[in-house]
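Shown next, in structure tokens, is the structure this report addresses.
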Amino acid sequence: MLCSLAIIRDPGESSPRSAIRSTAIFTVTSEQKGGARFAIDHRAFDRTANRADILAGLADRIPEGATVIARASRTSQHYLRHAFAAGGPLPPADLQLLQRDRPDLDILPLQCANGVLEEIAAAYRIERAGPGSNVLSRSRGAPDEAQCLWAAFLWSQCSPHQRASLAAAWQAWRALERARPLPF
């Protein structure tokens, strides 16, 4: 079982005023017969939502023993200089806190350039929020961001046969999801 996690923050994680605004967990479960099942869990939060509560909710929703992929935190040089000058340790990143709460998870932080994700998004017709997008657009796009990250993992870590099989199943699932009527 593999979960691709997207955490959308406003502003970035290294800012003292940062707040989690949206999360998406894209779960891929391999079937014994060679197929796969897909699911998406998307949540949005207002600026006043408590980080600890949001991360505890994530920890509760991720299946036991899953491998979790997520983009590694990008820490600016300015933030690092300021933190070291203050003499204190860096505060823990979201993924570090998630790992502390769920030691059964295998968390793989991925370094993935925006350009690579843009190419993958174009190849699979995934709509990503572009550079400079507002927080609402980025929050709405969290499920697509999680799927795009999974596709990057698929291309970099799976054999061509696995990649073709999983990508075909995923695209069929996406077509069914888009055809599903809206719940309101």
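Can you confirm whether residue 113 is more than 22 Å from residue 1 (Cα to Cα), at pLDDT below 90 and out of contact with any Phe, Trp or Tyr (no Cβ under 6 Å at 6 or more places or on another chain)? Show your work before the answer.
Values: more than 22 Å from residue 1 (Cα to Cα): yes; at pLDDT below 90: yes; out of contact with any Phe, Trp or Tyr (no Cβ under 6 Å at 6 or more places or on another chain): yes.
Judged against the criteria, residue 113 is a match.
Report, by residue number, each residue of segment 36-46 that is surrounded by 11 or more Cβ atoms within 10 Å (Cβ to Cβ) and either farther than 22 Å from residue 101 by Cα or not basic (Lys, Arg) (or both).
Just the residues of segment 36-46 that are surrounded by 11 or more Cβ atoms within 10 Å (Cβ to Cβ), to begin with: 36-45.
Selection gives 36, 37, 38, 39, 40, 41, 42, 44, 45.
Consider residue 60 against the criteria (1) closer than 18 Å to residue 104 by Cβ; (2) among the charged types (D, E, K, R); (3) surrounded by 12 or more Cβ atoms within 10 Å (Cβ to Cβ): it satisfies all of them except one. Which criterion is unmet?
Of (1) closer than 18 Å to residue 104 by Cβ; (2) among the charged types (D, E, K, R); (3) surrounded by 12 or more Cβ atoms within 10 Å (Cβ to Cβ), only one is false for residue 60: (3).
Take the residues of segment 96-108 that are over 12 Å from the mean Cα position of the chain (by Cα) and touching a residue at least 24 places away in the same chain (Cβ under 8 Å): which is surrounded by the most Cβ atoms within 10 Å (Cβ to Cβ)?
Keep residues of segment 96-108 that are over 12 Å from the mean Cα position of the chain (by Cα), which gives 96-106.
Now narrow it down to the ones that are touching a residue at least 24 places away in the same chain (Cβ under 8 Å): 97-98, 101-102, 104-106.
Values: 97: 17, 98: 21, 101: 15, 102: 19, 104: 10, 105: 19, 106: 12.
Only one residue tops the list, namely 98.
Looking only at segment 1-54, count every residue that is under 20 Å from residue 129 (Cα atoms) and small (Gly, Ala, Ser) and tell me the total. Outline the logic, then answer.
Start the filter on segment 1-54 by keeping residues that are under 20 Å from residue 129 (Cα atoms), which leaves 4-13, 18-26, 40-47.
With the extra rule that they be small (Gly, Ala, Ser), the set shrinks to 4, 6, 12, 18-19, 22, 24, 44.
Going through segment 1-54 one residue at a time, the tally reaches 8.
Just need a number here: residues in segment 109-135 that are assigned to a helix (DSSP H, G or I) and either acidic (Asp, Glu) or exposed (fewer than 14 other Cβ atoms within 10 Å of the Cβ) (or both). Walk me through it before giving the result.
If we filter segment 109-135 for residues that are assigned to a helix (DSSP H, G or I), which is where we start, we get 114-124, 135.
Remaining after also requiring either acidic (Asp, Glu) or exposed (fewer than 14 other Cβ atoms within 10 Å of the Cβ) (or both): 114-115, 118-119, 122-123.
Residues flagged as assigned to a helix (DSSP H, G or I) and either acidic (Asp, Glu) or exposed (fewer than 14 other Cβ atoms within 10 Å of the Cβ) (or both) within segment 109-135 amount to 6.
Quick check on my filter: what residues within segment 144-175 are under 17 Å from residue 69 (Cα atoms), open to solvent by 20 Å² or more (accessible area, probe 1.4 Å) and in a helix (DSSP H, G or I)?
The answer is 144, 145, 153, 155, 156, 157, 163, 166.
Within segment 99-108, track down each residue that is more than 13 Å from residue 67 (Cβ to Cβ) and either touching a helix residue (DSSP H, G or I) at 6+ places or on another chain (Cβ under 7 Å) or not in a helix (DSSP H, G or I) (or both). So that I can check it myself, show each step before the final result.
At the first step, the residues of segment 99-108 found to be more than 13 Å from residue 67 (Cβ to Cβ) are 100-101, 103.
The answer is 101, 103.
What's the total number of residues in segment 1-35 that are closer than 14 Å to residue 150 by Cβ and either of a type in the set (Lys, Arg) or surrounded by 16 or more Cβ atoms within 10 Å (Cβ to Cβ) (or both)? Step through it out loud before you land on a result.
To start, the set of residues in segment 1-35 that are closer than 14 Å to residue 150 by Cβ comprises 1-6, 24-30.
Filter once more, keeping what is either of a type in the set (Lys, Arg) or surrounded by 16 or more Cβ atoms within 10 Å (Cβ to Cβ) (or both): 2-6, 24-28.
Selection size over segment 1-35: 10.
The values are calculated or read from the model by the stated rules, or taken from the named source; none is laboratory data. Here the structure is a predicted model, which means the values were calculated and not measured. Here the Cβ is made from the backbone with ideal geometry for all residues, glycine too, and neighbour counts use every protein chain on show. These accessible areas exclude ligands, DNA and RNA; they are computed on the full protein's heavy atoms, side chains included. Shrake-Rupley method; radii C 1.70, N 1.55, O 1.52, S 1.80 Å.
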